[in-house]
Amino acid sequence: MQGIILAAGHGSRLQPITLTRSKAMVPILGKPIVERVMEHLLCNGVDDLILVVSPNDRHITRYFRRESRIEADVRFAYQPERLGMANALVGAAPLINDDFVLSACDNLISEEYVGQMLAAWNSEPRPNGILTLMPVEPERLGNVGIVELDGQWVRRIVEKPSPAEAPSNISSLPLYCFSRGFLDYLPRVPLSARGEYELQDAIQMLIEEEGHVRGMLVDERLTLTSPADLLAINRHYLLMGNNQPQLAPHTVGCNTRLITPLRIEGGTIIGQNCTIGPNVYVERDCRIGDDVTICNAVILRESAVPDGAVVENQVVS
């Protein structure tokens, strides 16, 4: 089975974080978020991976060709314009020759759930597609795809409905299983009113013409859309405890306390009389002045924190 990860988005709501790197390359404890998504697939035996990226994103191609230690065959497809998920999948189609898992690069769902989804894909009766589902609050109905269910089977999917038009409060998350035959629907997807080729339109065609599209509910997921999300995801990984604390600052001044859970990458200089932690991730080559307090924070690469600063519940870039 192949894994397709859509990673061409810029992440405008994450600016200024994404002024110097794409959303897919935003770091989660030393690894780009897209690599965290890939790890959940690899843990379940999906090691033929295709990343759909912007042709201008040289950072992501360089990283996976030269720096990443991920043990997988990673290939690249390109989406020149951001015209929706169906358009992105069209770019990957020439490289797809098998059933596949499709995921967004900013959508982290547990490796246990991914395993359950793959087991369901290989169960009888064999589904023609699997959608990952989660209930949403009423105020979010107009921001996501909403499904109508008949037991475990999806009968209808509506992209960003008004509250009056929503068939339920169950949303479709960007993690799916499809056969290669699903690609045949993509050329028939029309341009939507918002100027994109919506994957939900292709899914609705699959439902209407073949049926047996299964929905699977998930209890929780992590998604990256804002700086607050970046804080929450890094804190989640710190508290999980399966990433050993890395304390590799270049220098640490006298009377400075480092409180775990904490990760500090190489090249960082920390002044004296500071308190760093808990729940702090400091990316490489940062400069932290004297008498600084940092907790529940992310300090991104090459950032400078001035003397006397108090940084709490913030992303510094």
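The values are calculated or read from the model by the stated rules, or taken from the named source; none is laboratory data. What you see is a predicted model; the values in this text were computed from it and never measured. FYI the Cβ positions are ideal-geometry reconstructions off the backbone, even for glycines, and counts take in every protein chain you see. Accessible surface areas use protein heavy atoms only, side chains included; no ligands, DNA or RNA. Shrake-Rupley method; radii C 1.70, N 1.55, O 1.52, S 1.80 Å.
Scanning for something assigned to a helix (DSSP H, G or I) and of a type in the set (S, T, N, Q), does segment 204-220 turn up at least one residue? Spell out how you get there, then give the answer.
Within segment 204-220, the first condition is being assigned to a helix (DSSP H, G or I), and the residues that meet it are 204-209.
Then keep just the ones that are of a type in the set (S, T, N, Q); that gives 204.
Yes, the conditions are met somewhere in segment 204-220.
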(1) at pLDDT 95 or above; (2) among the hydrophobic types (A, V, I, L, M, F, W, C); (3) closer than 25 Å to PRO16 by Cα all hold for LEU262 apart from (1)
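Being touching a residue at least 40 places away in the same chain (Cβ under 8 Å) and not acidic (Asp, Glu) is the filter; apply it to segment 281-300 and report the residue that is farthest from VAL26 (Cα to Cα). Let's see the steps before the verdict.
Within segment 281-300, the first condition is being touching a residue at least 40 places away in the same chain (Cβ under 8 Å), and the residues that meet it are 281, 283, 296-298, 300.
Now drop any that are not not acidic (Asp, Glu), which leaves 281, 296-298, 300.
Details: TYR281: 13, ASN296: 17, ALA297: 15, VAL298: 11, LEU300: 9 Å.
Among those that are touching a residue at least 40 places away in the same chain (Cβ under 8 Å) and not acidic (Asp, Glu), it is ASN296.
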Conditions: (1) hydrophobic (A, V, I, L, M, F, W, C); (2) open to solvent by less than 50 Å² (accessible area, probe 1.4 Å); (3) at pLDDT below 95; (4) out of contact with any Pro (no Cβ under 9 Å at 6 or more places or on another chain). LEU238 meets all but one. Number of the miss?
(4)
When you go through (1) free of Cβ contacts under 8 Å to residues at least 60 places away in the same chain; (2) within 27 Å of LEU231 (Cβ to Cβ) one by one for CYS43, which number turns out not to apply?
(1)
If THR223 satisfies every condition in (1) touching a Phe, Trp or Tyr at 6+ places or on another chain (Cβ under 8 Å); (2) in contact (Cβ under 8 Å) with a residue 40 or more places away in the chain; (3) open to solvent by less than 50 Å² (accessible area, probe 1.4 Å) but one, which is the exception?
(1)
Filtering segment 290-311 for residues that are touching a strand residue (DSSP E or B) at 6+ places or on another chain (Cβ under 6 Å) and of a type outside the set (A, V, I, L, M) leaves a count of 4
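Would you mind stating whether ALA77 is hydrophobic (A, V, I, L, M, F, W, C) and out of contact with any Asp or Glu (no Cβ under 9 Å at 6 or more places or on another chain)? Walk me through how you get there before you give the answer.
On the way: hydrophobic (A, V, I, L, M, F, W, C): yes; out of contact with any Asp or Glu (no Cβ under 9 Å at 6 or more places or on another chain): yes.
Against the criterion (hydrophobic (A, V, I, L, M, F, W, C) and out of contact with any Asp or Glu (no Cβ under 9 Å at 6 or more places or on another chain)), ALA77 qualifies.
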Those residues of segment 71-117 which are of a type in the set (Gly, Ala, Ser) and under 21 Å from ASP184 (Cα atoms), in sequence order
ALA77, GLY84, ALA86, ALA88, GLY91, ALA92, ALA93, SER103, ALA104
Applying the selection to segment 31-80, what residues are closer than 26 Å to LEU300 by Cα and among the small types (Gly, Ala, Ser)?
SER54, SER68
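At pLDDT 95 or above and open to solvent by less than 50 Å² (accessible area, probe 1.4 Å): is that true of ARG21 in this structure? Before you say what the answer is, go through the steps one by one.
Numbers: at pLDDT 95 or above: no; open to solvent by less than 50 Å² (accessible area, probe 1.4 Å): yes.
In short, no.
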Considering GLN152, GLN116, which residue is open to solvent by 30 Å² or more (accessible area, probe 1.4 Å) and under 21 Å from the mean Cα position of the chain (by Cα)?
GLN116
Could you please find all residues in segment 184-203 being open to solvent by less than 90 Å² (accessible area, probe 1.4 Å) and either over 22 Å from ASN107 (Cα atoms) or not in a helix (DSSP H, G or I) (or both)?
TYR185, LEU186, VAL189, PRO190, SER192, GLY195, GLU196, TYR197, GLU198
Scanning segment 169-179 for residues that are in contact with a strand residue (DSSP E or B) (Cβ under 7 Å, 6 or more places away or on another chain) and either part of a helix (DSSP H, G or I) or buried (at least 16 other Cβ atoms within 10 Å of the Cβ) (or both) gives ILE170, SER171, SER172, LEU173, PRO174, LEU175, TYR176, CYS177, PHE178
